[in-house]
Amino acid sequence: MGIFYGLRTLVFYVLLGLSAFIWCSISLLIAPFLSFPVRYRFINVYWCRFAVGLAKYLLGLDYRVTGVENIPSERCVILAKHQSTWETFFLSAYFQPLSQVLKKELLRVPFFGWAMAMLKPIAINRDNPKQALKQLASQGAQRLEQNCWVLIFPEGTRIPVGEIGKFSRGGAALAVNAGLPVLPIAHNAGMFWPKVGWRKKPGTIDVVIGAAMYAEGEGPRAIAELNQRAFAWIAQAQHDIGALDAKVLAEIITP
C-alpha cells in the first residue's frame, strides 16, 4: 500500500509540474491581453483548482470548509495559517482576485514565476524586513483599493503541524490603516501534506474561516491588539482541528 501510494504521489508531482509548464506557457501568450479579473481567473483560479482536484482524485486528499458565512462582502486582509503548499493553491482559487505576499525569488522561476508576475503579487525581499514592511503597506493598500483580497501568511514561512509561529504585525497594520477587517483562517493541511518530505497522506483537510475582526481604535496599540486577537483565534482553531498541541496552546493563552 505504501509503495503504491508513493507511486501515485510521484505521478501527482509529474502531472502537476507538466500542467504548470503548459498552463503558464499558454498564459504568457494570452493573459497580457486580458483584464486583470479575467487574467487572474485564467492564470490562477483554473490551474489552482486543477491542482486541488488532482490532489483530491489522485491522492485522496479532500477538504471541507466551515465558516463560509463569515466571509465579508468587502475585500480585506486574509491572515492564514501556513503549513504546506496546499493552502496556497486552495486560497488562491477560493478568494478572487487575490494578491499574495510572497518571496520575490519565486518570480524568477521560468514560466511559473513569469506568469505569477502578471497577478499583482506583493513580492518582498525577506532579507530586508524593514523594506518588506514598507512595500507591504504601500502595495497592499493599492491592492485593496483595486478590490483585491490580500493574502498574508503572518508566520512568514511554513510551520510544522503541532506548532505555531509568531505573527508579523504587517497584515494587521495594513488592515487598520485601510479601515478594513482581517479574516482569520485556520486549517490542518500539514497533517496530510507535510512541510518536510514529498509523500502525502489521504484524508480530509479542515479549513475553518473565522469571523472578520475589526480593530478597536487606531495606531500601534490597535494594530498589536488586532494581531494578537487573530493569533489567539487561529491558535485555538488549530487546536480544535487537531493541528496544534495542547501544551503549545496553553502557553499561548496563559497570561
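The numbers here are math on the coordinates, done by the rules we state, and not lab data. In this text the structure is predicted, and so the values were computed from the model without any measurement. Heads up, the Cβs are rebuilt from the backbone with ideal geometry, glycines too, and the neighbour counts pull from every protein chain shown.
Tabulated results
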item: Overall Cα dimensions of the chain, principal axis frame, Å, largest first; result: 51, 46, 37
item: Sparse-neighbourhood loop sites, trypsin sites (Lys or Arg not before Pro) in segment 155-255 - DSSP loop, at most 15 other Cβ within 10 angstrom; result: K166, K195, R199
item: Cut-off under 5 Å, modelled amide H: who pairs with I78 long-range; result: V150, L151, I152, L183
item: Zone of N147's modelled label, taken as backbone nitrogen in segment 46-77 under 17 Å from a point 7 Å along Cα→Cβ; result: 72-77
item: Value at 222 nm in deg cm²/dmol, rounded to 500, when DSSP H runs of n ≥ 4 in the chain each add -39,500 (n - 2.57); result: -14500 deg cm²/dmol
item: Difference of contour (0.36 nm per residue) and Cα-Cα distance, V248 to R49; result: 68.3 nm
item: Student exercise, the chain dipole from Lys, Arg, Asp, Glu Cβ charges, in Debye to nearest 20; result: 760
